[in-house]
């Protein structure tokens, strides 16, 4: 059975195993979530399980959604077989075990509009030979008539919005499962800031 859950990234710490080896881990808080819909190939065209997470105010939930519950959001996980899941069932950290390999998806930190030095690692221009204010400029983009007819080439690296991208990190190991605190301790770094909603899936 495919294991999946939605949690909130709390931060990083480190753990020592029985052999004294230190493991950098990210703590993911996983409050129990509820299965709100089970989709089938016959009715929906694909197999998936939808879960609801968080608690929302009654005034902010429309009448159609209130039938499922007062949830802040919903996530859907595709799978080959959804027969083990039923609407109304709770999904928590207990399904995972230490040593499980998982993949974690989430939004990276949003950094706003950034220049080419920070966004793409450009070196910038020299501060010599009559140049000024060119330390972090992009420089020439080769827009002469010899290439692309003077137009900007598609994919040219320029300044723009940076971050806030959906990133999936694969082959991460679950180091510890804390059922009492509803937490997963996953080895390595996960995308996003503290407070980012992440999806943890074991295929």
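Values in this text are rule-based calculations from the coordinates and carry no lab data. Please read these numbers as outputs of a predicted model, since none were measured by experiment. Ideal geometry is used to build each Cβ from the backbone, glycine not excepted, and the neighbour counts take in all protein chains shown.
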* Taking every pair of alpha-carbon atoms in the range 54-144, what share in percent sits in each 5 Å bin, from 0 to the bin with the longest distance? -> 2, 7, 10, 11, 11, 9, 7, 7, 7, 7, 8, 7, 3, 1, 0
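If the chain between residue 76 and residue 108 were fully stretched, how many nm would it gain, using 0.36 nm times the residue separation less the Cα-Cα distance?
Details: separation 32, 0.36 × 32 = 11.52 nm, distance 2.00 nm.
Separation in residues times 0.36 nm, less the Cα-Cα distance, equals 9.5 nm.
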* Structure fact -> The rounded separation in angstrom of the Cα centers of the range 1-71 and the range 162-203 is 11
* Restricting things to alpha carbons, tell me how big the chain is in terms of Rg and Dmax, in Å. => 23.2, 72
* To do: Figure the gain on full extension for residue 86 and residue 193 (residue separation times 0.36 nm, minus the Cα-Cα span) and round it to one decimal in nm.
  => 35.2 nm
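Based on the Cβ-Cβ distance of residue 40 and residue 101, what FRET efficiency does E = 1/(1 + (r/R0)^6) give at R0 = 30 Å, to the nearest 0.05? Walk me through the intermediate numbers first.
On the way: r = 28 Å, r/R0 = 0.93.
Once rounded, the FRET efficiency stands at 0.60.
If you take the beta carbon distance between residue 55 and residue 156 as r and set R0 to 45 Å, what does 1/(1 + (r/R0)^6) give as a FRET efficiency, to the nearest 0.05?
On the way: r = 46 Å, r/R0 = 1.02.
Here the calculated transfer efficiency is 0.45.
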* Structure fact -> Per principal axis, largest first, the Cα atoms of the range 114-163 extend in Å by 34, 31, 12
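With Rg and the Kirkwood Rh both taken from Cα atoms, where does Rg over Rh land for the range 87-187?
Values: Rg = 23.3 Å, Rh = 18.4 Å.
Radius of gyration relative to Kirkwood radius: 1.27.
Please label the shape of the range 1-52 as rounded, prolate or oblate, based on the square roots a ≥ b ≥ c of the eigenvalues of the alpha-carbon gyration tensor (a/c under 1.5 means rounded; beyond that, a/b larger than b/c means prolate, else oblate).
Numbers: a/c = 4.59, a/b = 2.65, b/c = 1.73.
Taking the square roots of the gyration eigenvalues as a ≥ b ≥ c, the range 1-52 is prolate.
Expressed as a whole percent, how much of the Cα-Cα distance distribution for the range 1-100 exceeds 20 Å?
50
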* Structure fact -> Here the alpha-carbon Rg of the range 152-203 over 2.2 N^0.38 Å rounds to 1.67
